[in-house]
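Beneath this line is the structure, given in structure tokens, with notes to follow.
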Amino acid sequence: MERPIWAPHGIDLSVPSVSRIYDYYLGGSHNFEVDREAGRRAIDAFPGLPKIMQANRAFMRRAVRYAVGQGVTQFLDIGSGIPTFGNVHEIAQAAAPEARVVYVDHDPVAIAHSRAVLAGDERTDIVAADLRTPHDILAAEEVARLLDLRRPVALLLVAVLHFTEDRDEPWKAVAELRDALAPGSLLILTHASTDEGPMKPEEGEEVQGVYRRVGSPLLMRSKGDVARFFEGFELLEPGLVPISAWRPDVGDDSAECAGYAGVGRKP
């Protein structure tokens, strides 16, 4: 297989990547046949998966615009993946040119492509780190340079926590990040679930099986467990709701989604 310019050396192109599978769902071009094959298996298990990923992106854009409307112009996007059209820095800086964004991911492909896309952008950068080690994120040079943690920050955890197992203490990691943020900061979050919506538990099991086989366990948590991530935040209206139901724009696709979205404010 010929290695494209955007694919960093040192990674095995024959192994699927969660970031590249997500890129495939979104119709992106930064994926390989091995990623598309895994994506197709997941879509066979639940054909609505691309719609869910698109709903995640649409929610992210709405939530970023909401944050800017609330005067929050600093963004920390953890599990950011491969930048595609309409990403956080594009949405935020279109609404507030002074907005600053730090992306965080541990996937070498996502990091390499982000660096290429962000080259020359002095208000946006990428950190190579993992949600499971929040101290590494908070101590990163890029965070210190671009974000003033004494002022409100919008913390984005969009479609990432369901890839973190209970044994990795994701609630503790979110709490550590929360404690580092100033009052008025926002938590913007989505999480996969089969509690309600169109995905049946058995379909969820099949999708989880696909991700287990590519080495990335996917957890369908209950609404109660997802709500726990908002401890220490005031959950804003309309609360923790199906992804497409969070403050939809006129003309948004209101199809049900197998997951929850919410935004909370730190008092």
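The values are calculated or read from the model by the stated rules, or taken from the named source; none is laboratory data. In this text, all values refer to a predicted model and were calculated from it rather than measured experimentally. Neighbour counts are summed over all protein chains in view; Cβ atoms, including those assigned to glycine, are modelled from backbone coordinates with ideal geometry. The area values use the complete protein model at the heavy-atom level, side chains included, leaving out ligands, DNA and RNA. Shrake-Rupley method; radii C 1.70, N 1.55, O 1.52, S 1.80 Å.
For this structure, a couple of remarks:
- Residues that are in a loop (DSSP other than H, G, I, E, B) and either open to solvent by 20 Å² or more (accessible area, probe 1.4 Å) or within 21 Å of V241 (Cβ to Cβ) (or both) within the stretch 152-183 comprise P152, A159, V160, E165, E169, P183, listed in sequence order.
- Among the residues of the stretch 236-267, those identified as charged (D, E, K, R) and either at pLDDT below 90 or surrounded by fewer than 15 Cβ atoms within 10 Å (Cβ to Cβ) (or both) are E237, D249, D252, D253, E256.
- Flag for S216 being open to solvent by less than 50 Å² (accessible area, probe 1.4 Å), more than 24 Å from D166 (Cβ to Cβ), in contact with a helix residue (DSSP H, G or I) (Cβ under 9 Å, 6 or more places away or on another chain) and in contact (Cβ under 8 Å) with a residue 24 or more places away in the chain: no
- First in the stretch 77-96 and open to solvent by 10 Å² or more (accessible area, probe 1.4 Å) and of a type in the set (S, T, Y), second anywhere and at pLDDT below 90 and outside any strand (DSSP E or B), Cβ under 6 Å, 6 or more apart: T84/L26; T84/G28
- Residue within the stretch 125-138 that is under 20 Å from I82 (Cβ atoms) and touching a Phe, Trp or Tyr at 6+ places or on another chain (Cβ under 6 Å) present: yes
- Scanning the stretch 99-121 for residues that are at pLDDT 95 or above and either open to solvent by 40 Å² or more (accessible area, probe 1.4 Å) or of a type in the set (A, V, I, L, M) (or both) yields A99, R100, V101, V102, V104.
- Filtered residues of the stretch 122-151 (kept if assigned to a loop (DSSP other than H, G, I, E, B) and either crowded, with 21+ Cβ neighbours inside 10 Å or of a type in the set (A, V, I, L, M, F, W, C) (or both)): A129, L131, A139, A140, L147, L149
- Qualifying residue in the stretch 189-204 (condition: over 28 Å from V34 (Cα atoms) and within 18 Å of the chain's Cα centre (by Cα)): yes
- Filter pass, S193 being touching a strand residue (DSSP E or B) at 6+ places or on another chain (Cβ under 9 Å), surrounded by 14 or more Cβ atoms within 10 Å (Cβ to Cβ), of a type in the set (S, T, Y) and more than 15 Å from L161 (Cβ to Cβ): no
- Pairs are defined by a Cβ separation below 8 Å, a sequence spacing of at least 6 or placement on different chains, a first member in the stretch 5-20 that is farther than 21 Å from M53 by Cβ, and a second member that is of a type in the set (A, V, I, L, M) and at pLDDT 80 or above; the pairs so defined are A7/A112; P8/I111; P8/A112; L13/V34; S14/V34.
- Taken as a whole, the condition of being farther than 29 Å from L181 by Cβ and either of a type outside the set (S, T, Y) or touching a residue at least 60 places away in the same chain (Cβ under 8 Å) (or both) does not apply to L26.
- Annotation note: Cβ proximity below 7 Å between a residue of the stretch 156-181 that is under 18 Å from Y211 (Cα atoms) and a residue that is assigned to a helix (DSSP H, G or I) and not hydroxyl-bearing (S, T, Y) (sequence gap 6+ or interchain) occurs for V158/N56; V158/M60; A159/N56; L161/P170; L161/F229; F163/V18; T164/P170.
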